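Chemist: Structure below; questions to follow.
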Amino acid sequence: MPSSATLSAVRPMGNDVVTIIRNETDIEDGLERLLKLDPRLAPIIEFSGPVPLRLATPGFAGLASIIVSQMVSRASADAIWRRIEAVGPVTAQAYAALDPDVIATFGLSRAKASTLRGLAHAVIGGDIDLDAICALDGSEALRRLVLLPGIGPWTAEVYLMFCGGHPDIFPSGDVALQASVAKAFLMEARPNARQLSEIAKVWAPHRSVAARLFWAHYAATMRRDALPLV
């Protein structure tokens, strides 16, 4: 029988078995499989260049960094994250113990400060296991994550992709992905979230690699990064 490590490294997707994304080889394999599903992606892959892995360890720090990344600018997010890291280990226990006056120095909005504190207490109280949730089916994992105050679909999707290595997530509400797909396929208007979700169905069960590809395409087109801070 397969070991528990092997079982945790694959996900059955219909008649396909998809490797959890753990390294650049998994990205390359996913791109090859995507080309077979949708040959239109060939020029997009060539233009976009290397597709970043951007994988972080699951847990409080990983999800907290994604929450922080939703700032007006990448520079602001980077600065805030450096301040958070500077006070000590980024764990749920350590964050929950911080004095509110210290948290106020980070530069977080009131909403994000509340989300991070609520997340820390949810982890400590056992309301969420941020490691175990990554092993769940995508839809169930998303359902549980968005039950947390302040955690929306985009945050949950990005966490499962970049911390859990889930192979079949496509954050269709992401504006950069909408813009990238529109430009790549010469669409007259940027698709909305529902339309992009329909478009992305053809890339299942490798939608997480497809999302990384279109973020890379956006970066190559706009000459700036669009990936979250992880």
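The values are calculated or read from the model by the stated rules, or taken from the named source; none is laboratory data. Just so it is clear, the model here is predicted, and its values are computed rather than measured. No Cβ is skipped: glycine too gets one built from the backbone with ideal geometry, and neighbour counts run over all protein chains shown. Side chains are part of the model used for accessible areas, which takes the heavy atoms of the whole protein and leaves out ligands, DNA and RNA. Shrake-Rupley method; radii C 1.70, N 1.55, O 1.52, S 1.80 Å.
Chemist: Could you please tell me which pairs satisfy a Cβ distance under 7 Å, a separation of 6+ or placement on different chains, a first residue in the stretch 161-180 that is free of Cβ contacts under 8 Å to residues at least 40 places away in the same chain, and a second residue that is open to solvent by less than 20 Å² (accessible area, probe 1.4 Å)?
Modeler: Cβ pairs passing all conditions: Ser172/Leu196; Ser172/Ala200; Gln178/Pro191; Gln178/Leu196.
Chemist: Select, from Ile66, Ile45, Ile21, the only residue that is outside any helix (DSSP H, G or I) and touching a Leu at 6+ places or on another chain (Cβ under 9 Å).
Modeler: Answer to the check: Ile21.
Chemist: Examine the stretch 93-106 for a residue that is part of a loop (DSSP other than H, G, I, E, B), out of contact with any Phe, Trp or Tyr (no Cβ under 8 Å at 6 or more places or on another chain), under 18 Å from Gly150 (Cβ atoms) and at pLDDT 95 or above, and state whether such a residue exists.
Modeler: Of the stretch 93-106, the ones part of a loop (DSSP other than H, G, I, E, B) are 97-99, 105-106.
Then drop every residue that is not out of contact with any Phe, Trp or Tyr (no Cβ under 8 Å at 6 or more places or on another chain), which leaves 97-99, 105-106.
Remaining after also requiring under 18 Å from Gly150 (Cβ atoms): 98, 106.
After this cut, where a residue has to be at pLDDT 95 or above as well, the list is 98, 106.
There is at least one residue in the stretch 93-106 that is part of a loop (DSSP other than H, G, I, E, B), out of contact with any Phe, Trp or Tyr (no Cβ under 8 Å at 6 or more places or on another chain), under 18 Å from Gly150 (Cβ atoms) and at pLDDT 95 or above.
Chemist: Give all pairs with beta carbons closer than 9 Å in which a residue from the stretch 48-69 that is of a type in the set (D, E, K, R) meets a residue that is open to solvent by 40 Å² or more (accessible area, probe 1.4 Å); count only pairs at least 6 apart in sequence or on separate chains.
Modeler: Pairs that qualify, where the first residue is of a type in the set (D, E, K, R) and the partner is open to solvent by 40 Å² or more (accessible area, probe 1.4 Å), are Arg54/Val230.
Chemist: Restricting attention to the stretch 149-161, does a residue exist that is in contact with a helix residue (DSSP H, G or I) (Cβ under 6 Å, 6 or more places away or on another chain) and more than 29 Å from Ala204 (Cα to Cα)?
Modeler: Yes; the residues of the stretch 149-161 include at least one that is in contact with a helix residue (DSSP H, G or I) (Cβ under 6 Å, 6 or more places away or on another chain) and more than 29 Å from Ala204 (Cα to Cα).
Chemist: Output the residue which, of all residues in the stretch 124-146 that are among the small types (Gly, Ala, Ser) and surrounded by fewer than 19 Cβ atoms within 10 Å (Cβ to Cβ), is farthest from Ile20 (Cα to Cα). Quick ask: steps written out before the conclusion?
Modeler: Of all residues in the stretch 124-146, those among the small types (Gly, Ala, Ser) come to 125-126, 132, 135, 138-139, 141.
Right, trim to surrounded by fewer than 19 Cβ atoms within 10 Å (Cβ to Cβ) and you get 125-126, 132, 135, 139.
Values: Gly125: 28, Gly126: 25, Ala132: 14, Ala135: 10, Ser139: 16 Å.
Of everything passing the filter in the stretch 124-146, Gly125 is farthest from Ile20 (Cα to Cα).
Chemist: Can I ask one more? Being under 29 Å from Ile199 (Cα atoms) and not hydroxyl-bearing (Ser, Thr, Tyr) narrows it down to one of Leu108, Leu98, Leu34, so name that one. Before you say what the answer is, go through the steps one by one.
Modeler: Details: Leu108 fails: under 29 Å from Ile199 (Cα atoms); Leu98 fails: under 29 Å from Ile199 (Cα atoms).
None of the other options fit; the residue is Leu34.
Chemist: Being open to solvent by 60 Å² or more (accessible area, probe 1.4 Å), touching a Ser or Thr at 6+ places or on another chain (Cβ under 7 Å) and part of a loop (DSSP other than H, G, I, E, B) is true for just one of Pro167, Pro149. Which residue is that?
Modeler: Matching residue, one of Pro167, Pro149: Pro149.
Chemist: Among what's in the stretch 48-63 and is in a loop (DSSP other than H, G, I, E, B) and aliphatic (A, V, I, L, M), pick the residue that is surrounded by the most Cβ atoms within 10 Å (Cβ to Cβ).
Modeler: Start the filter on the stretch 48-63 by keeping residues that are in a loop (DSSP other than H, G, I, E, B), which leaves 49-59.
Add one more test, that the residue is aliphatic (A, V, I, L, M), and what stays is 51, 53, 55-56.
Working: Val51: 21, Leu53: 16, Leu55: 19, Ala56: 19.
Among those residues, the one meeting the criterion is Val51.
Chemist: At pLDDT 95 or above and over 23 Å from Tyr218 (Cα atoms): is that true of Leu31 in this structure? Show your work before the answer.
Modeler: Values: at pLDDT 95 or above: yes; over 23 Å from Tyr218 (Cα atoms): no.
When the stated conditions are applied, Leu31 does not pass them.
Chemist: Here's something else I'd like to know. Tell me yes or no: at least one residue of the stretch 221-229 is touching a helix residue (DSSP H, G or I) at 6+ places or on another chain (Cβ under 7 Å), at pLDDT below 95 and closer than 15 Å to Ile44 by Cα.
Modeler: Applying the first criterion (touching a helix residue (DSSP H, G or I) at 6+ places or on another chain (Cβ under 7 Å)) to the stretch 221-229 yields 221, 225-229.
When the remaining residues are screened for being at pLDDT below 95, the result is 221, 225-229.
Cutting the leftovers down to closer than 15 Å to Ile44 by Cα gives us 221.
Looking for residues that are touching a helix residue (DSSP H, G or I) at 6+ places or on another chain (Cβ under 7 Å), at pLDDT below 95 and closer than 15 Å to Ile44 by Cα, one finds at least one in the stretch 221-229, hence yes.
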